[in-house]
Amino acid sequence: MSGRDDGEEKDGVAGYMQRAKKQAMENAEHVAEGVAAGTMSEGKLFDVATTIGDKRLDDLTVEDTTCGYCAVGCRFDLYSDGEEVLAARPADEEDAPVNGISTCVKGKFSYGFVNSDDRLTSPLVRDDDGEFRTATWDEALSRVAAGLGGIKEEHGGEALSVIASSKATNEENYLMGKFARQVLGTNSVDNCNRLCHSSTVAGLAKTFGYGAASVSMGDIEETDCYLITGSNTTEAHPVIGTRIKQNVRDGADLLVFDPREVQIAEHATQYSRVKPGYDAVWINGITRYIVNNDLQDEEFLEERTTGFEPEEEPEHDSADDRDQRTEDRDAGREAVKQAVQEFTPERVEEITGVPPEEIASAAETIAAADTCVFGWTLGLTEHSHGTENVMAMANLAAVTGNLGKPGAGVSPFRGQNNVQGGGGDMGPLPDNFPGYQDIGKDEVRAKFEKAWNCDISPEYGYYTTQMFLNDDVRGMYIIGENAALSEPGVNHAGEVLEDLDFLVVQDLFVNETAEYADVVLPACSFVEKTGTFTNTDRRVQMVKQVMEPKGDSRPDWKILQDLAGRMGREWEYDSTAEIMEEVNSLTPIYGGVTHDRIEEEGGLQWPCWDEDHPGTERLYEDEFDTDDGKAHLQAVGFSEPAETPDDEYPFSLTTGRVLYQYHTGTMTHREEGIMEYTPSDFVEIHPETAEEYGIRAGDRVEIESRRGEITVPAQVTDRVAPDNLFVPIHFAESAVNQLTDEEHLDPEAATPEFKVSAVRIRRVDDGDDGDTDALSTATREAGTGDD
Ligand SMILES: Nc1nc2c(c(=O)[nH]1)N[C@H]1C(S)=C(S)[C@@H](COP(=O)(O)OP(=O)(O)OC[C@H]3O[C@@H](n4cnc5c(=O)[nH]c(N)nc54)[C@H](O)[C@@H]3O)O[C@H]1N2
Ligand SMILES: Nc1nc2c(c(=O)[nH]1)N[C@H]1C(S)=C(S)[C@@H](COP(=O)(O)OP(=O)(O)OC[C@H]3O[C@@H](n4cnc5c(=O)[nH]c(N)nc54)[C@H](O)[C@@H]3O)O[C@H]1N2
Ligand code: SF4
Ligand SMILES: [Mo]
């Protein structure tokens, strides 16, 4: 850690905070700043400015670091007096390749959680009376070693599972994977990517080779055209949203397909409202239009892809004979060119609600543009057929030749700050070692067995979602993941956590998951430790300690190391730089990614094969990462959500985020300014529907699915369609995952269907006895419903 002591800086920080506020007031267009004005009370802004202004700067610590909220990967300087984070201020622009001087409200102000009174400052163990009491590290870790070790001894390592944390650093996640395999003897280690973009990873790995964005921020800034779908970009990836809006103002085309008219849609050249759950249908419809009007990039298809044209003619080519087509496709006899034929404009409109002229104009726009970026997030992936949706997008990118050149490519905006690195690259995964090396391959397994000095089973372990569906899991180690709220069908997940023989939770707080634990270990946050995060551009950036761990909390890597020692494995890492050296030696795509280089060069993008390799800004410039170097296009047919609305449950509910809040709220709920702005949950209901049900803004509405019910206040808005509803995921009191379905998972990626649940609603009157279930169905039937 270092202090800075020149007087210039002192004025500079105070001045910066004032300028930030002024800019915020003047420039409402800039979401990040505009929201800052709306979110932070004036008092707070001036408090921060004055606090810093009044401090002697040599009493403060300042470090350039990377944001711990989302995967955009903004960098800035953080100032701390050792107790709390006082300010975030732009770093040198060359140190902030993604954001320059921008940040959003979370990166700039949301640090109240760090020094919050309810931070865990010592370990907790559950006493005989069932209550938690504080314990020494020695006692708590001995209990964990005995608890997990006992299950391993009695039932084998496979009876244990680990949920790793995409909030933690790469180095820590590498150790979480190693701990699962070497110390516990299980391959059941996974993380939040399973609830998020795992279908992106599966779909892109299958078609192009790497399960990651092919482009960088530079491409996003300069492209001629965007097709954005299932991404509430301005709220979930605000700094990317701002870049896109700037480029659109400068003339780029923006096509937005989303069931909700989210803010980015207001800036679109074309916004098309889609019915949730049928994305592959309209995407295939666009590809069909391109192919049938000869707008495809023939040269690219010929030279760089397989699977567009059939190797041999399929036996059946009738668009009517769908069963036969599915059989052909599954047998690899059908190619993309044929597969898209069943998605005629009329059929696409019938299924998705997108009219033929909108399919045509989107196709014409993409085909006419020199370059296009295909951007998506969870609206495409969190489905029981998310991988197919992603492959349909990948096909469209390839058919139009938009890969491997400046301004063109696929960009799944990743979610958690370190889900690309910690959630994937570092291999805390049931099927892959670090660097996506398949555990089923003998030579790969042999390499890790030797390096880690242990036997590793070739059988894949459970994905996160499967851990909650298989009762042979008896013990869990959950690190930085609030599974009790974030898993699908949490009423069921809660029962599973309750029934475990042993649960250890490692977190900053006693979150809802920790309530079920036998032992809770206090970890520290990204401002209290050093390591690296990898952002959505595959860019590995430094995270630096700016204050000491609160209380007796410890960085995750130190806790793991101590525990490994108690369970018979001596790890001797003195720093996360040393852990990264081990990663370098075992993970080809991270071969040259060392802390020294990142410090010097300001972030390195993988693949970075060795010390001399400069890193890779853009994937697939020359070849794809497949056995023959070509993109392997995959035919995608018709599929529908596992649960569709019916007479009983006539609405389709979708769930997601708002700008100010982050996930289950463990961090953002502890920031006063943010809570003033979005204090509670809500449901978005279309005005027609509201009228039909006699619901006014602010009325409490009960939403019920086949799995549970919640009650939240109504927001009446035509952002959603009349037969859709939206509820955010951020509030434990009305945990929306009581409604979602834990059983229907994507067959390849095991992603849950968070974006579609069939529900019914009713207005809750004060003193209502709750016996009006029939109301929703009856009213719906008599009303404007399309069922
Ligand atoms: N403020 C904030 N930012 C965050 C987070 C946060 O909690 N708060 N979380 C981070 C994480 S981990 C992630 S993964 C990202 C998520 O980023 P997003 O995926 O952008 O976030 P969601 O709110 O889940 O939005 C999904 C979008 O999909 C749309 N949608 C819903 N159903 C469908 C459908 O069937 N088809 C299509 N095409 N679209 C659909 C919704 O209307 C919404 O616009 O955000 C990251 N950034
Ligand atoms: N219905 C519905 N459900 C969803 C989604 C949806 O769109 N709809 N989205 C899904 C997605 S994309 C995601 S990513 C998940 C997110 O779900 P979670 O990952 O469960 O959500 P968070 O609230 O971010 O939980 C992170 C936890 O890590 C802790 N933490 C923070 N930093 C550290 C650290 O450095 N070390 C340790 N040990 N702990 C730390 C925090 O206190 C918090 O308890 O939710 C999923 N659930
Ligand atoms: S856009 Fe994401 S990375 Fe940037 S400041 Fe906001 S939360 Fe942090
Ligand atoms: Mo996510």
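Laboratory data are not the source of any read-out in this text; all were calculated from the coordinates shown. Keep in mind that what you see is a predicted model, and the values were worked out from it rather than measured. No Cβ is skipped: glycine too gets one built from the backbone with ideal geometry, and neighbour counts run over all protein chains shown.
What the table shows:
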read-out: 3J(HN,Hα) from dihedral phi, the range 217-222, Karplus parametrisation 6.51/-1.76/1.60, rounded to Hz, x for glycine, proline; value: 4, x, 5, 5, 6, 10
read-out: Highest-first arrangement of 132-143, 753-764, where packing means the average Cβ count within 10 Å; value: 753-764, 132-143
read-out: The range 224-229 - phi-based ³J(HN,Hα) in whole Hz, Karplus 6.51/-1.76/1.60, Gly and Pro as x; value: 8, 7, 10, 10, 10, 9
read-out: Built amide H within the under 5 Å cut-off of Asp253, gap 5+; value: Cys225, Tyr226
read-out: Relative contact order [Cα under 8 Å, 6+ residues apart], the chain, whole percent; value: 18
read-out: Cα-centre dipole for the range 651-783 with unit charges at Cβ (Lys and Arg positive, Asp and Glu negative), debye to 20; value: 300
read-out: Estimated distance in nm for a label pair at His155 and Glu94, the labels positioned 7 Å out from Cα along Cα-to-Cβ; value: 5.6
read-out: Length added when fully stretched, Glu346-Ser122, from 0.36 nm per residue minus Cα-Cα; value: 74.4 nm
read-out: When each of Lys178/Lys550; Lys405/Lys630; Lys450/Lys544 is checked by Cα-Cα distance, pairs over 23 Å; value: Lys178/Lys550; Lys450/Lys544
read-out: Phi-based couplings in Hz for the range 574-588 (Karplus 6.51, -1.76, 1.60; Gly and Pro marked x); value: 9, 7, 6, 4, 5, 5, 4, 4, 5, 4, 3, 6, 10, 10, x
read-out: Trypsin sites (Lys or Arg not before Pro) restricted to the range 437-502 and DSSP loop, no more than 15 other C-beta within 10 Å; value: Lys441
read-out: Spatial separation of Cα centroids for the range 267-305 and the range 678-713, in angstrom; value: 35
read-out: Reciprocal mean inverse distance between Cα atoms of the chain - Kirkwood radius, Å; value: 26.9
read-out: Charge tally in the Cβ shell below 15 Å around Asp138, where Lys, Arg are +1 and Asp, Glu are -1, Asp138 excluded; value: +2
read-out: Length-normalised contact order for the range 124-264 - Cα pairs under 8 Å, 6+ apart - percent; value: 14
